[in-house]
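I have placed the structure first, in the form of structure tokens, so that the comments after it can refer back to it.
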Amino acid sequence: MQIGFEAKRFFTNYTGLGNYARFVVNALSEFVPENQYTLYSPKTRKHPEVDAIVARSNVKVVEPSGGYRFLKGLWRSWGVSSDRSIQNLSIYHGLSQELPLGLPSHVRKVVTVHDLIYIRFPQFYNPIDATIYKAKAKAACRAANKIIAISNQTADDLVEFLKVDKAKIEVVYQGCHPIFKRKVKDEEKSSVRIKYKLPDEFILTVGTIEERKNVKLLVKALALLPEGDRLPVVMAGRATDYKKEVVQCATENNVLDKIIFLHDASFQDFPAIYQLAKVFVYPSLFEGFGIPLVEAIESGIPVITSTGSCFRESAGPGALYIDPSREDALAAQLTKVLSDTRLRKKMIEESFQFVELFQPKIIANKFQTVYSGLKNS
């Protein structure tokens, strides 16, 4: 089959949506090599994350030509549909909740929807941005022959908020970056510890420091622990104005000296940072999937996360779960994990078994099943 991908973020984004795009294309081109994969992107760049993938014989790249070189946004949303190569496609897959207008009728259309958080929690978004996101998602879902939801939670949200026919939706999970499968050597861990001034033992949370991630709950839970049992908390992620609230909360609870903010860590160092941690805590209120949970599990550390949303789908039976409004519940689970070596080992082993669901070969084969079903329909 000839598969086309909307691939802007494949080349330009080296976090969430970009990692997803590269994961999908990498997995398919490796484990379903008989297909030809074409990446449509308004701009490209060389980068170690993409170079090995685009060098494969079954992957090619198409960029704007002619006047569209100066109208790249228009090309991505409409002009790409008139590119001659589009006529040869069996499938066109929008990897980030969008499809271009005007795709030929013979090309079957697939779109991945990651989340509808901007509809469920509009207070966390700029109103104009939320309106644009919703309009694009609605248009893509209407045009698509099949919608990929990255979790059952997102599938349910599509039905609830956009009134999508459930029969049109397939749930295909996402995997994490392969870098997190690497066992980091002690010398590298030591170097990373020194580089970021990390303590010998710490609790880790990863993600943008914003209200939805709910890290004030972790601050309050830490304050409930006996003073001698309080490990430092490393909060790794981009800062927003919410950080001020976190600092204020830590100050009021007399634990500010236990909070370490890490805003500038290199992605290449994250495997070591995870593997240095004693426990990973993800008290988020809501996610489309929660990829840091899979990263932590692949890194071999026990996980505590929230009930509800998609978290059981992402973290599985080996994790511990807490009500994201109850700091006392989080404090109790922290006490259990930090004091019980056997429990930690059991959590890690069960979680390792669970994340087999997210291995690239399994996910690539699920995508191929979706594509084959559309081609034959």
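The values are calculated or read from the model by the stated rules, or taken from the named source; none is laboratory data. None of these values were measured; they are calculated from a predicted model. Heads up, the Cβs are rebuilt from the backbone with ideal geometry, glycines too, and the neighbour counts pull from every protein chain shown.
For SER351, state whether it is surrounded by fewer than 17 Cβ atoms within 10 Å (Cβ to Cβ), in the same structural domain as LYS185 (by TED's automatic domain parsing) and closer than 30 Å to ILE194 by Cβ.
For SER351, the condition - surrounded by fewer than 17 Cβ atoms within 10 Å (Cβ to Cβ), in the same structural domain as LYS185 (by TED's automatic domain parsing) and closer than 30 Å to ILE194 by Cβ - is not met.
From the list LYS185, LYS181, LYS213, LYS168, pick out the single residue that is of a type outside the set (Gly, Ala, Ser), under 19 Å from PHE267 (Cα atoms) and touching a residue at least 12 places away in the same chain (Cβ under 8 Å).
LYS181
Please pick out the residue among LEU285, LEU334, LEU330 that is crowded, with 20+ Cβ neighbours inside 10 Å, touching a strand residue (DSSP E or B) at 6+ places or on another chain (Cβ under 8 Å) and within 26 Å of ARG120 (Cα to Cα).
LEU330
Take the range 134-162 and flag every residue that is assigned to a loop (DSSP other than H, G, I, E, B), of a type in the set (A, V, I, L, M) and more than 20 Å from VAL107 (Cα to Cα).
Going through the range 134-162, the residues assigned to a loop (DSSP other than H, G, I, E, B) turn out to be 144-145, 150-151.
Next, only the ones that are of a type in the set (A, V, I, L, M) stay: 144, 150.
Correct list: ILE150 only.
When you go through (1) surrounded by fewer than 17 Cβ atoms within 10 Å (Cβ to Cβ); (2) assigned to a loop (DSSP other than H, G, I, E, B) one by one for SER190, which number turns out not to apply?
Against the list (1) surrounded by fewer than 17 Cβ atoms within 10 Å (Cβ to Cβ); (2) assigned to a loop (DSSP other than H, G, I, E, B), SER190 comes up short only on (2).
Can you tell me which residue among GLU252, GLU227, GLU211 is in the same structural domain as ARG326 (by TED's automatic domain parsing), charged (D, E, K, R) and under 18 Å from the mean Cα position of the chain (by Cα)?
Of GLU252, GLU227, GLU211, the one residue that is in the same structural domain as ARG326 (by TED's automatic domain parsing), charged (D, E, K, R) and under 18 Å from the mean Cα position of the chain (by Cα) is GLU211.
Any idea how many residues of the range 202-221 are surrounded by 22 or more Cβ atoms within 10 Å (Cβ to Cβ) and within 15 Å of ILE291 (Cα to Cα)?
Matching residues across the range 202-221 total 4.
Working carefully through the options LYS166, LYS197, find the one that is assigned by TED's automatic domain parsing to the domain that holds PHE267, of a type in the set (Lys, Arg), at pLDDT 95 or above and over 19 Å from the mean Cα position of the chain (by Cα). Steps first, please.
Details: LYS166 fails: assigned by TED's automatic domain parsing to the domain that holds PHE267.
Step by step, each of LYS166, LYS197 is checked, and only LYS197 is assigned by TED's automatic domain parsing to the domain that holds PHE267, of a type in the set (Lys, Arg), at pLDDT 95 or above and over 19 Å from the mean Cα position of the chain (by Cα).
From GLN153, GLN123, which residue is touching a residue at least 24 places away in the same chain (Cβ under 8 Å) and either loosely packed, with under 14 Cβ neighbours inside 10 Å or within 26 Å of LEU330 (Cβ to Cβ) (or both)?
GLN153
Looking at this structure, is VAL233 surrounded by 18 or more Cβ atoms within 10 Å (Cβ to Cβ) and either free of Cβ contacts under 8 Å to residues at least 12 places away in the same chain or in contact with a strand residue (DSSP E or B) (Cβ under 8 Å, 6 or more places away or on another chain) (or both)?
yes
What single numbered condition from (1) in a loop (DSSP other than H, G, I, E, B); (2) surrounded by fewer than 21 Cβ atoms within 10 Å (Cβ to Cβ) fails to hold for THR131?
Evaluating THR131 over (1) in a loop (DSSP other than H, G, I, E, B); (2) surrounded by fewer than 21 Cβ atoms within 10 Å (Cβ to Cβ) leaves (1) as the failure.
In the range 299-320, what residues are surrounded by fewer than 24 Cβ atoms within 10 Å (Cβ to Cβ) and within 13 Å of PHE180 (Cβ to Cβ)?
GLY300, ILE301, listed by residue number.
LEU198 passes all but one of (1) assigned to a helix (DSSP H, G or I); (2) among the hydrophobic types (A, V, I, L, M, F, W, C); (3) touching a Leu at 6+ places or on another chain (Cβ under 7 Å); (4) touching a residue at least 60 places away in the same chain (Cβ under 8 Å); which number fails?
(1)
For ILE304, which of the numbered conditions (1) at pLDDT below 95; (2) touching a strand residue (DSSP E or B) at 6+ places or on another chain (Cβ under 6 Å) fails to hold?
Looking at each condition in turn, ILE304 falls short on (1).
What do you reckon, is ARG56 more than 23 Å from SER81 (Cα to Cα) and either not assigned by TED's automatic domain parsing to the domain that holds VAL113 or not small (Gly, Ala, Ser) (or both)?
Details: more than 23 Å from SER81 (Cα to Cα): yes; either not assigned by TED's automatic domain parsing to the domain that holds VAL113 or not small (Gly, Ala, Ser) (or both): yes.
Yes; evaluated as a whole, the condition is true for this residue.
ARG182: at pLDDT 95 or above and either closer than 24 Å to ILE291 by Cα or among the aliphatic types (A, V, I, L, M) (or both), yes or no?
Judged against the criteria, ARG182 is not a match.
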